[in-house]
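As structure tokens, the structure follows; a few thoughts come after it.
A short reminder: the numbers here are calculations on the coordinates, not readings from a lab. Since this is a predicted model, take the numbers as computed values, not measurements. Backbone-built Cβ (ideal geometry, glycine too); neighbour counts: all protein chains shown.
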Amino acid sequence: MRARTVAGLVLVAALMGVLPGAAEAARLDGFELRGRAGSLGQLSRTVLDDGAAYVSAPRLATLLKGSWTTKGRTATLIVGTRRAQFVRDQARVVVAGRSVALESPARVGATGWLIPEEFLSKGLGLLAPGVTAVAFAGETKKSVAKTVKASITLEELRYRSYPSFTRVVVETGGALAYVVVSSREEIRVRLPRLVLAGARNEEVLDGLVKAIRLDPVGGDAVLRVVLESTVGDVKTSSLQDPFRLVLDIYRQRDAAGREPSQSAMEPLRLIVLDAGHGGHDPGATGPSGAMEKDIVLDVTKRVARLLEEGLGVKVALTRSTDVFVPLRERTNFANKQRADLFVSIHGNAHPRAVSEGVEVYFLSSEASDTDARQVAAIENGVIQLESPASRPKGDLLRSILFDLAQSEFQQESSVMAETVLDSMTTSLTLVPRGVKQAGFYVLGGAAMPAILIEIGFLTNPKEEKKLATAEYRQAVARAIYTGLAEYKRRHDQRVRTAETLPLKAERAR
Ligand SMILES: [Zn+2]
């Protein structure tokens, strides 16, 4: 691979985990396994192109007269009553209950699961006492060392639209090399050895990126980011745990050199209201059958009307009918519209029927208390109702944090949460349950101050009854409106103050 610059074409090569010269150390050709009664057979050695040496896991199991079973990312080698548990792409193995650290991870190559040869010296004795592995140089034809290219699996392709950039993330099962070629129309990234089950195509249409495509080409994959307008910088980075390639495509700065998003100090114009749940996801259900999805949609529409009439701001809804909207799409919608605020409206549930009152949340990786964590877990559970294609893989909270656009808005979000909670507890004469923090997936990708309001407990028969009446829902809507109006007043005041300051405040990036 080479790096060069041609007019109109930028080529960047990055290498991770692909090192030349792997054959140098390959003088050993295999191992002979020896038990108490003599030879158990030979095991050939496989050197991958990063230089790490492996043996075939199923072959090892056969020689040990054991079994090899795989389940998703984990695999178990059982010999007699003892077992060794491997996790794909992890360099740690649990052998007979003991954790053993290896230098290389277990992998899946073209011929199946491979385990680091180091396991033979560190783990074999624990798994099969009395069995040893003796290295030998190849005299037999069977044991010729071969270089196998390990394929890398795609875990997830995702994107987020932010006001100043669009982020594309390719999450993979192993370290990935990449080559980026940009042109006016598209950014092309070659991903060697990334194996795809099929082509992927996602429409983005955020004014910057039109679509992202991922196609298999030979044994590799090619990511194409099709552009809608001229881009500014493109930043690529390769990260670990999990392995992922992150592509940030920035909007072009305007004539004054500002990024289009640096409008933190502008009056509020657009608020996105998000009625929770919908469609096949009813949300919480009360003892008399009231459904969260219906109650919150009604309240949301009432808040929208009040905001438009009372504040003259634009309001956009993530849903205005009884439809299912995946969580990620809710904030993507707000980001694409460049909304100034994101407010998600929900109804609460608690195993104790007497729980009552209003809670307002903003996003944090650390839940403020166990109940807050519980509420986030329930609301995040909606993910299970999404189609497998749009559902985020792996640890949900981890995904939230990767895409944590919210950290820079955390302060503003907490101010908005407090203002809205104050207004609600005062005008509804409710027990204040406080502003809380938790890892709500729906708030994770919002590129603006964002809060989640739990307007009451559907699981409390008293509150369910109140929420079933239009009068109370209007009162709730008015209380939310009053809180947001107060937040806007203070925000716009700060904008006016900022405008009278000398231009010195202009930030250079
Ligand atoms: Zn909910």
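Over 26 Å between Cα atoms, which of 336/466; 235/336; 293/336 qualify?
Pairs exceeding 26 Å: 336/466.
Could you put 336, 462, 71 in order, starting from the residue whose Cβ has the fewest other Cβ atoms within 10 Å?
The most exposed by this proxy come first: 71, 462, 336.
Please arrange 346, 280 by counting, for each residue, the other beta carbons lying within 10 Å of its beta carbon, fewest first.
Values: 346 29, 280 10.
Arranged by neighbour count, lowest to highest, 346, 280 become 280, 346.
State, as an integer percentage, the relative contact order of the stretch 265-360 based on alpha-carbon contacts under 8 Å between residues 6 or more apart.
Computed value for the stretch 265-360: 42 percent relative contact order.
Where a Cα-Cα gap under 17 Å defines reach, which aspartates and glutamates qualify for residue 488, not counting those fewer than 8 residues away within the same chain?
The qualifying aspartates and glutamates are 266, 308, 309, 340, 412, 418, 422, 499.
Could you give the dipole magnitude of the stretch 151-251 about its Cα centre, charging the beta-carbon of Lys and Arg +1 and that of Asp and Glu -1, in debye to the nearest 20?
Computed about the Cα centre, the dipole is about 160 debye.
In the stretch 270-498, what % of DSSP beta bridges are antiparallel (nearest 5)?
Of all bridge pairs located within the stretch 270-498, approximately 20 percent are antiparallel.
Net charge near residue 127, counting Lys/Arg +1 and Asp/Glu -1 over other residues with Cβ under 14 Å of its Cβ?
+4
Could the peptides 80-86, 320-326 be put in order, highest first, of the mean number of other beta-carbon atoms found within 10 Å of their residues? Let's see the in-between values first.
Numbers: 80-86: 17.4, 320-326: 15.0.
Listed from highest to lowest mean packing, they are 80-86, 320-326.
What list of ³J(HN,Hα) values in whole Hz, one per residue of the stretch 225-233 in order, does the Karplus curve 6.51 cos²θ - 1.76 cosθ + 1.60 (θ = phi - 60°) give from phi, with Gly and Pro shown as x?
9, 8, 9, 9, 9, 5, 9, x, 6
Would you tally the net charge around residue 305, using a Cβ to Cβ cut-off of less than 15 Å, leaving residue 305 out, and scoring K and R as +1, D and E as -1?
Details: positive: 301, 302, 314, 473, 478; negative: 298, 308, 309.
For residues surrounding residue 305, the net value is +2.
Once each part is reduced to its C-alpha centroid, what is the distance from the stretch 263-331 to the stretch 419-453 in angstrom?
Answer, in whole Å: 14.
Can you tell me which of 283-291, 489-497, 93-101 comes out highest on packing, and rank the rest after it, using the mean Cβ neighbours within 10 Å?
Going by the mean number of other Cβ atoms within 10 Å, highest first, we get 283-291, 93-101, 489-497.
Suppose a student asked you for the relative contact order of the stretch 151-251, using Cα pairs under 8 Å spaced at least 6 residues apart; what percent would you report?
Averaging sequence separation for qualifying contacts and normalising by length gives 29 percent for the stretch 151-251.
Hey, can you grab everything whose amide H is under 5 Å from the amide H of residue 155? Only 5+ residues off in sequence or another chain; H modelled, so Pro and N-termini drop out.
Under 5 Å from the amide H of residue 155 lie the amide H atoms of 171, 172, 173, each far enough along the sequence or on another chain.
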